[in-house]
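Some notes on the structure that comes next.
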Amino acid sequence: MRGKSMAENKTILVIGETEKGRTASITRELFGGARALADQTGGDVQLLLFGEAAAALAPEGIALGADKVYVASHAAYNEFSSDAYTALVSDVCSKITPALCLLGQTDLGRDVAPRVAARLGASLSMDCIEVNFDAENGRFLQTRPAFGGKALAVMASSKGRLQINTVRAKSMPSAVPQDGRKGETITLAEAPDASVIKVKLIEAKKLETEGVKLEDAKVIVAGGGGLGGPAGFDMIKQLADLLGGVVGATRVPVDENWVPLSMEIGQTGKIVSPELYIAIGISGAAQHITGCINSKKIVTINRDPDANMFKISDLGLVADYKTVVPLLIEKLKAMNP
Amino acid sequence: MDKGGKMEIIVCIKPILDPELPPAKFAVDGKKNQVIPPEGMPFVMSPYDTLAVEAALRLKEAKGGKVTVLTLGTKFTEDVMRKAIAMGADEGFILSDPAFEGSDGFATAHILTQAVKKIGTFDLILCGRQAADWDAGIVGSVMAEYLGIPVVIRAKSIDVQDGKLKVERVVANGSEVFEVPIPALVTMSSEMGQARIPAGRGIIIAAKKQFPKWGAADVGAEASKTGSASVRNSLVKLFIPSYQRTCEIVNGKDPAEAAAMLVEKILAIKP
């Protein structure tokens with residue numbers, strides 16, 4: 001940390017993630033943000049990847065915008081370990097002294113970013129939806145939701161201190177891979193120091209998601225507390241199927257155990273950005289809106305004409321869903337027999 | 001932990017503006033970059049912190065032991081303490097000092113860490129996964145680093161087996177179970193279920209309870225690591241975003257016509 005002056009180093013380090021053996025969408029998005037920032041700061045972009053399979057993804061990282069890729073290739077990094085990853089990210093940051101380190105607001109980022117910041121005395125903003133460079137003052141500005149999405153806060157980094165930011169999914173445009181980009185790949189072959197691993201994973205219970213994930217869906221039909229119970233979700237599932245969409249939910253149906261947590265959209269659930277979002281029986285709490293506001297078109301069905309959800313919608317119908325959803329289903333079936 | 005498995009548990013709780021406050025009542029002072037709390041409305045214990053208290057009480061009920069609560073701040077600290085005691089916690093300390101004002105997550109973690117050191121022995125520290133005001137979710141992890149103890153974030157259950165913790169936590173595609181040596185720090189998430197509502201006897205005990213106040217000198221908090229001067233990322237702007245769109249309301253002469261019109265419009269925008 002102390003060797004090189006941090007103020008002079010303009011490197012942006014992206015902490016990469018993989019998803020079923022491929023570069024994760026959040027990592028592509030981080031590159032979209034990192035490249036734009038690097039073009040303003042005049043720095044380079046470096047990437048850290050974890051696991052044996054990561055070497056195969058290094059060329060893609062370069063095509064996406066990395067000038068240098070570090071591959072922690074030991075098998076001990078194949079699965080996420082907070083202790084091992086925290087130690088490695090801290091080491092790499094200490095060695096290359098980046099100005100900015102970007103992670104996703106993911107299981108990895110939420111876990112590792114605060115721990116690395118504590119170890120290195122770095123600045124930290126979590127769950128950013130924007131990261132900008134303030135050239136005049138030579139600092140990074142982060143915009144992040146607070147108060148359950150009711151407010152946005154703009155934070156400014158302090159000069160000369162490593163800045164660590166986690167970035168919310170779908171908030172930066174994905175980088176487009178460019179053939180012929182040149183970059184260097186450096187393999188970090190060492191195993192993590194066994195003494196740093198204090199927490200041991202003894203069981204991973206994987207929830208198999210059926211069909212399309214909410215985050216990737218083009219059409220989402222979401223239900224809120226206004227559905228009154230699990231039966232309402234059976235009804236909107238039919239509507240979603242007819243529209244080729246996926247069913248989501250707000251916090252109330254999840255808290256009431258009508259639907260599993262994996263269906264929650266909002267501040268503490270999934271962040272989605274479909275082409276079409278149909279909100280049924282959803283009042284429009286800030287913490288829900290923050291999870292769906294990037295949808296291209298929003299349609300609301302609610303019997304309360306004053307529901308906040310209408311204010312952020314493009315199309316609305318004031319009606320009881322129990323009356324109108326069966327009619328929508330009937331109409332769609334009639335059109336596609 | 002003693003041989004019988006009794007646990008010394010410390011829970012960190014934060015008083016915050018009620019997160020259920022409807023958006024219409026949520027206001028920001030754009031000059032001061034501060035939220036304006038509605039007049040006469042008391043702060044509440046951050047909901048994730050009530051889960052941390054609940055998790056501590058469940059362990060105490062199963063294994064025996066003691067639950068100590070820490071909170072930091074100037075406003076409504078006694079209120080949230082009384083709630084924790086009414087739920088069943090044994091004692092509480094309030095960290096309060098003008099030098100703490102304006103502290104960020106790192107400073108908060110430093111002050112709480114010092115308080116934990118003053119308490120001395122503990123098996124487990126519990127926090128909420130994030131405070132439901134600033135939603136950062138960093139204090140627990142940073143405290144664990146400052147104390148040099150293992151940490152698991154966003155847990156849904158904690159069990160004690162053979163002198164070790166078995167912690168299950170929520171991840172994007174399911175959950176993971178960890179074996180964690182003691183002492184450790186765990187942050188709790190909503191998946192653990194509901195926190196108990198304080199009842200009769202607890203409320204009476206809580207009403208009479210006194211909470212010692214500790215300042216910077218009492219816990220040995222370092223001046224350079226606390227308060228607004230230590231803030232690493234400064235707040236330059238706080239504002240209420242406008243997500244307003246122009247909503248076209250579909251009107252039909254009856255529900256069937258309205259539904260038919262809506263279907264037509266939906267199909268026109270459907271990808």
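The values are calculated or read from the model by the stated rules, or taken from the named source; none is laboratory data. In this text the structure is predicted, and so the values were computed from the model without any measurement. For neighbour counting, all protein chains shown are included, and Cβ atoms are generated from backbone atoms with ideal geometry for every residue, glycine included.
Looking only at residues of segment B:139-181 that are at the interface with chain A (Cβ under 7 Å from one of its Cβ atoms), at pLDDT 95 or above and assigned to a loop (DSSP other than H, G, I, E, B), we find that the one that is farthest from A:I271 (Cα to Cα) is B:P181.
Scanning segment A:104-129 for residues that are more than 7 Å from chain B (Cβ to nearest Cβ) and in a strand (DSSP E or B) turns up A:G104, A:C128. Taking the criterion of being under 15 Å from A:P177 (Cβ atoms) and either touching a helix residue (DSSP H, G or I) at 6+ places or on another chain (Cβ under 6 Å) or among the basic types (K, R) (or both), the residues of segment A:12-28 that qualify are A:V14, A:G16, A:R22, A:T23, A:R28.
Restricting attention to segment A:71-103, the residues being touching a Gly at 6+ places or on another chain (Cβ under 9 Å) and in a strand (DSSP E or B) number 5.
Just one of the listed residues (B:K209, B:K237, B:K253) is surrounded by fewer than 16 Cβ atoms within 10 Å (Cβ to Cβ), on the phi < 0 side of the Ramachandran plot and away from every other protein chain (no Cβ under 11 Å), and it is B:K253.
Any residue at all in segment B:60-70 that is more than 23 Å from B:M7 (Cβ to Cβ), at pLDDT 95 or above and surrounded by fewer than 21 Cβ atoms within 10 Å (Cβ to Cβ)? No, segment B:60-70 contains no residue that is more than 23 Å from B:M7 (Cβ to Cβ), at pLDDT 95 or above and surrounded by fewer than 21 Cβ atoms within 10 Å (Cβ to Cβ). Taking the criterion of being buried (at least 24 other Cβ atoms within 10 Å of the Cβ) and either facing another protein chain (nearest Cβ under 8 Å) or over 30 Å from B:D18 (Cα atoms) (or both), the only residue of segment A:288-297 that qualifies is A:I289. Here B:T187 meets the list (1) surrounded by 16 or more Cβ atoms within 10 Å (Cβ to Cβ); (2) within 14 Å of chain A (Cβ to nearest Cβ); (3) over 18 Å from the mean Cα position of the chain (by Cα) almost entirely, failing just condition (3).
Residues checked against (1) among the small types (G, A, S); (2) touching a Pro at 6+ places or on another chain (Cβ under 9 Å); (3) outside the structural domain of A:E130 (by TED's automatic domain parsing); (4) within 30 Å of A:D83 (Cα to Cα):
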site: A:I164; (1), (2), (3), (4): no, yes, no, yes
site: A:A169; (1), (2), (3), (4): yes, no, no, yes
site: A:P173; (1), (2), (3), (4): no, no, no, no
site: A:P192; (1), (2), (3), (4): no, no, no, yes
site: A:I202; (1), (2), (3), (4): no, no, yes, yes
site: A:K218; (1), (2), (3), (4): no, yes, yes, no
site: A:A222; (1), (2), (3), (4): yes, no, yes, no
site: A:G225; (1), (2), (3), (4): yes, yes, yes, no
site: A:G232; (1), (2), (3), (4): yes, yes, yes, no
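Of all residues in segment A:96-129, those satisfying the criterion of being over 14 Å from the mean Cα position of the chain (by Cα) and at positive phi are A:T97, A:G121.
Rundown of residues vs (1) at pLDDT below 95; (2) under 21 Å from A:S25 (Cβ atoms), yes/no style:
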| site | (1), (2) |
| --- | --- |
| A:L152 | no, no |
| A:M155 | no, no |
| A:N165 | no, yes |
| A:K170 | yes, yes |
| A:A194 | yes, no |
| A:I197 | no, no |
| A:D216 | yes, yes |
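For segment B:168-179, does any single residue satisfy the condition of being surrounded by 14 or more Cβ atoms within 10 Å (Cβ to Cβ) and within 25 Å of B:E91 (Cβ to Cβ)? Within segment B:168-179, none of the residues are surrounded by 14 or more Cβ atoms within 10 Å (Cβ to Cβ) and within 25 Å of B:E91 (Cβ to Cβ).
The single condition among (1) crowded, with 21+ Cβ neighbours inside 10 Å; (2) more than 10 Å from chain B (Cβ to nearest Cβ); (3) within 29 Å of B:Q194 (Cα to Cα); (4) not basic (K, R) that A:Y277 does not meet is (3). Taking (1) surrounded by fewer than 16 Cβ atoms within 10 Å (Cβ to Cβ); (2) facing chain A (nearest Cβ under 7 Å) in turn, B:V263 satisfies each apart from (1). In segment B:192-215, the residues that are within 12 Å of B:M87 (Cβ to Cβ) reach residues that are in a loop (DSSP other than H, G, I, E, B) and at pLDDT 95 or above with C-beta atoms within less than 8 angstrom, at least six apart or across chains, in these pairs: B:R196/B:G88; B:G202/B:G88. The one condition from (1) crowded, with 19+ Cβ neighbours inside 10 Å; (2) closer than 23 Å to A:E130 by Cβ; (3) not aromatic (F, W, Y) that A:S90 does not meet is (2). Taking the numbered list (1) part of a loop (DSSP other than H, G, I, E, B); (2) at pLDDT below 95 in turn, A:D39 passes all entries but (1). Look at (1) basic (K, R); (2) surrounded by fewer than 20 Cβ atoms within 10 Å (Cβ to Cβ); (3) closer than 25 Å to B:K83 by Cβ and you find that B:R154 fails only one, number (2). Among the residues of segment A:309-332, the one identified as among the small types (G, A, S) and either more than 7 Å from chain B (Cβ to nearest Cβ) or more than 21 Å from A:G266 (Cβ to Cβ) (or both) is A:A319.
Residues in segment A:193-225 that are in contact with a helix residue (DSSP H, G or I) (Cβ under 7 Å, 6 or more places away or on another chain) and farther than 22 Å from B:N173 by Cα: A:D193, A:V196, A:I197, A:K198, A:G224, A:G225.
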